Amino acid sequence: MILFDYARRNIRLHWFRSFLAVIGIVIGVVAISSMGVLGNSLVLSVSESLTTVGDTIVVYPQSGGGPMGGGGTTALRITPRQVDEITRSVGTNIVIPVHTGADRVIVGSENRAASLYGMDPADIPEILDLEDGIFLRSTTGAMAGKRLAEEFDLNVGSTVRIGEDGERVRIVGILKERGIGFDINPDYALVVSDRWFESTYGEEGYNLVVVKVQNLEEIDSVTTAIEDALNRRTDVVTVLDTRMVLQTILDAFNSISTFTTAIGGISLIVAGVSILNVMMMSVTERTREIGIIRSIGAKRREVMRIFLYEALVLGLIGSGIGGVLSFGGAYLAVSVMLQSTTYLFVPSSLVYILYGMLFGIGTSLLSGLYPAWRAANLNPIEALRHD
Amino acid sequence: MEKGVNSTGEGGNPLIRLDSVTKVYPLPAGDVTAIDRLSLEVERGDFVAVMGVSGSGKSTLLNLIGCLDVPTSGDLYLNGVNIRDLADDPLTELRRDTIGFVFQQFNLIPLLTAYENVEFPLILAQGGNGGPVREEIVNRCRAVLASVGLDESLATHKPSELSGGQQQRVAIARALVNDPDILLCDEPTGNLDTRTGTTIMELLAQMNRGGKTIIMVTHDPRVAGYARRRIELVDGRLA
Ligand SMILES: Nc1ncnc2c1ncn2[C@@H]1O[C@H](COP(=O)(O)OP(=O)(O)O)[C@@H](O)[C@H]1O
Ligand SMILES: [Mg+2]
């Protein structure tokens, strides 16, 4: 098609300034697409987690002290007495108090930091699944999260040292990979017995209490029951159910994504302005050519089409490059934010790359509209006299 | 509109008729009357040389006849149709289908090859895409390029790679490709040496013998000698 070829050749003639104009489109497309893909991956993984741990309530000690301001500096823990109160308030639902910490884990010459969870061995099967070996039964011994086991090459029967001068502990079982959890994240952790944890690190109470609700409908009433039992005069615990945690994560993501999308939007605006600029230059430089084209019988809308094709080609180039780079951008964003790229290549994620590209093309066409209109409405005679 | 046919029948009207046409260019320094109450008739098949000093309104007259501009007052009829009544699109169609322009500076599109320059008006006439009638377009362009004596091997050259005479041949081919009734030539030999100018004039004379009506601006009397009829403009009027 000659009109299209003609536009394409003009871009090639002025490839450098066209290239500069296209960069903004590329950035905008990448920002918008990556955010879209990340958002979708997040929603998908969060909703998957929701189905697996949707029945969970987590009780944390209230941070920041109460309004009475009494015991400000004591380490925040949930006391065994408070655990009892929780147990009484939740009826038949399962209450799992958890110690959390971190320490060096040493296997042979490998020495790295890892999370530690201390739980009553009887509770462990309630919230974790076994991949290999057996569940912890006694005070000594530990279970390893899947990722940690891979990192250290641990098998059932391996021994690890916990702490630089700490005890050697035998791994009795490997846990199934669990993904991001709202209660605990055992994938890169060791799970030990509460007794062992307390004798090693001291008895200061629990860092959190997980409540497994058997009937999902009861989530709200159980949450309220815990609140009522513990936060009588001042707020001493924070009670989160999974939906609230989800909401917090989604809120955080929304503000990040609003920010990034705004950057994408701004770079598209900048790109639009620079494309407008390049196109106006093109119209001015080719005024005489426009006169010629009109003299040989091109209608206004045909002149307009030539210039819109030019904008379209710029948009296609920018969006094409941007689309390709978006895979990289999205991969980066998703692996940093979610540590898993499971949901990167599903259609509902990839469609955001398409949206990003359409935005890029749209911006370019929109910017080309005014220059094209100008070109189309030049007076043919004056255009022909131009040099 | 159908070529060569009009409501009053063949021969009833001259091909071109100007009735007291005035063209005023409004300028900040004052209006310029480029064409002043000019009346003129040109019959089908005529070859008119328009002469006159620089600034006498020759190009303006050609542009008016070529529907690139409309008169400030007075009436201009092409094939009996008053162009005053036409909007921009029909005027453009008229220009595309019944008029061919040849300019002093050749005015080829630099980014397109010789062949593509010739093809352009034809594709515009086909509605913008070469699609189903591709072969016809190619044949037509080849034939026209051959009729103006352009070597076939030059068809893929850009205008900048052609000599002045070759460029003007391409420009004439482009003007002829939609088989117009009228060729409007504004100093077609003005940028050519005498010998090349002569070959171009012989080409135009040949087109005129083949039935094209030609109006040509020149101030070279020898070039004007190729015309059947001469008119002279002085300050936008016939001398
Ligand atoms: N587009 C225009 N705008 C303003 N003035 C013009 C324009 N075209 C021509 N003129 C003026 O009209 C007069 C006739 O110009 P033109 O038709 O180009 O004469 P010629 O072709 O005989 O040299 C001149 O005074 C010229 O300056
Ligand atoms: Mg002139």
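Among B:ILE109, B:ILE99, B:ILE215, the residue with the largest mean-square fluctuation in a Gaussian network model of chain B, with springs joining Cα atoms closer than 10 Å, is B:ILE109.
Electrostatic bookkeeping for A:LEU130 treats Lys and Arg as +1 and Asp and Glu as -1; over the other residues with beta carbon under 13 Å from its beta carbon, the sum is -1.
Annotation: extensible slack from A:TYR60 through A:GLU150 equals 29.4 nm (criterion: 0.36 nm per residue apart, minus Cα-Cα distance).
Note down the net charge around B:ARG230, summing +1 for each Lys or Arg and -1 for each Asp or Glu among other residues with Cβ under 14 Å from its Cβ.
Numbers: positive: B:LYS58, B:ARG222, B:ARG228, B:ARG229; negative: B:ASP46, B:ASP220, B:GLU232.
Every neighbour counted, the sum reads +1.
Amide H contacts under 5 Å for A:SER115: A:LEU190, restricted to partners 5 or more places along the chain or on a different chain, H placed in the peptide plane at 1.01 Å from N. Here r is the Cβ-Cβ distance between B:LEU27 and B:ASP89 and R0 is 41 Å; the resulting FRET efficiency, rounded to 0.05, is 0.90.
With the convex hull built on the Cα atoms of region B:167-218, state its orientation-averaged projected area in nm². Could the numbers behind the result be given before it?
Working: hull surface 12.9 nm².
Quarter of the Cα hull surface area: 3.2 nm².
Summed over qualifying helices (DSSP H, 4 residues or more, each -39500 (n - 2.57)) and divided by its residue number, chain A shows a 222 nm mean residue ellipticity of -19500 deg cm²/dmol.
Placing pseudo-labels 7 Å out from each Cα toward the beta carbon at A:ILE23 and A:ALA102 gives an inter-label distance of 3.9 nm.
Does anyone have the angle between helix A:242-285 and the longest principal axis of chain A? Alpha-carbon axes, 0 to 90°, nearest 10? Computed tilt is about 20 degrees.
Among the residues of A:374-380, the average count of other protein chain beta-carbon atoms within 10 Å of the residue beta-carbon is 2.
Residue separation of A:GLU203 and A:VAL346 scaled by 0.36 nm, minus their Cα-Cα distance, works out to 46.8 nm of gained length. In units of the rule-of-thumb radius 2.2 N^0.38 Å, chain B shows an alpha carbon radius of gyration of 1.01.
Take each residue of peptide A:284-290, count the partner chain Cβ atoms within 10 Å of its Cβ, and average: the result is 2.
Taking a ≥ b ≥ c as the square roots of the eigenvalues of the alpha-carbon gyration tensor, region A:299-340 is classed prolate because a/c is 1.5 or more and a/b outweighs b/c. Among the residues of A:296-308, the average count of other protein chain beta-carbon atoms within 10 Å of the residue beta-carbon is 5.
Couplings 3J(HN,Hα) for region A:151-163, derived from phi with the Karplus relation 6.51 cos²θ - 1.76 cosθ + 1.60 (θ = phi - 60°), are 4, 9, 6, 8, 10, 4, x, 5, 10, 10, 9, 9, x Hz, where x marks Gly and Pro.
Taking other C-beta atoms within 10 Å as the exposure proxy, A:TRP373, A:TRP196 rank A:TRP373, A:TRP196 from fewest upward. With neighbours defined as other Cβ atoms within 10 Å of a residue's Cβ, the residues A:SER115, B:SER160 order from fewest to most as B:SER160, A:SER115. Spacing of the modelled spin labels on A:THR234 and A:TYR370, each 7 Å from Cα toward Cβ, amounts to 6.1 nm. Between A:THR284 and A:TYR331, the simple label model (points 7 Å from Cα in the Cβ direction) yields a spacing of 4.3 nm. Across region A:372-378, computed HN-Hα scalar couplings (Karplus, 6.51 cos²θ - 1.76 cosθ + 1.60, θ = phi - 60°) run 5, 5, 4, 4, 5, 9, 5 Hz from first to last residue, x flagging Gly and Pro. Relative to the dominant Cα principal axis of chain B, helix B:194-209 is inclined by about 80°. Given a cut-off of 26 Å, what percent of all Cα-Cα pairs of region A:56-212 lie beyond it? Cα-Cα pairs of region A:56-212 separated by over 26 Å account for 27 percent. What is the P(r) of the protein assembly as shown, as percent of Cα-Cα pairs per 20 Å bin from 0? Percent of pairs per bin, in order: 16, 30, 17, 14, 16, 7, 0.
Full extension of the chain between B:ASP193 and B:ARG37 gives 52.6 nm of extra length, using 0.36 nm per residue less the Cα-Cα distance. Given R0 = 30 Å, the distance between the Cβ atoms of A:ASN377 and B:LEU238 translates into a calculated FRET efficiency of 0.35. A Förster distance of 22 Å, applied to the separation of the beta-carbon atoms of B:ASN139 and B:GLN206, puts the FRET efficiency at 0.60.
Relative to the dominant Cα principal axis of chain A, helix A:80-89 is inclined by about 70°. Normalising the average separation of contacting C-alpha pairs (under 8 angstrom, six or more residues apart) by the number of residues puts the relative contact order of region A:56-212 at 35 percent. Each of B:LEU108, B:LEU62 was scored by other Cβ atoms within 10 Å of its Cβ. Listed from fewest to most, they are B:LEU62, B:LEU108. Neighbours of B:ARG195 by Cβ distance under 13 Å: Lys/Arg scored +1, Asp/Glu scored -1, total -1.
Read-outs throughout are calculated quantities, based only on the coordinates presented, and are distinct from any laboratory measurement. On a predicted model such as this, the values are computed, not experimentally measured, just so you know. FYI the Cβ positions are ideal-geometry reconstructions off the backbone, even for glycines, and counts take in every protein chain you see.
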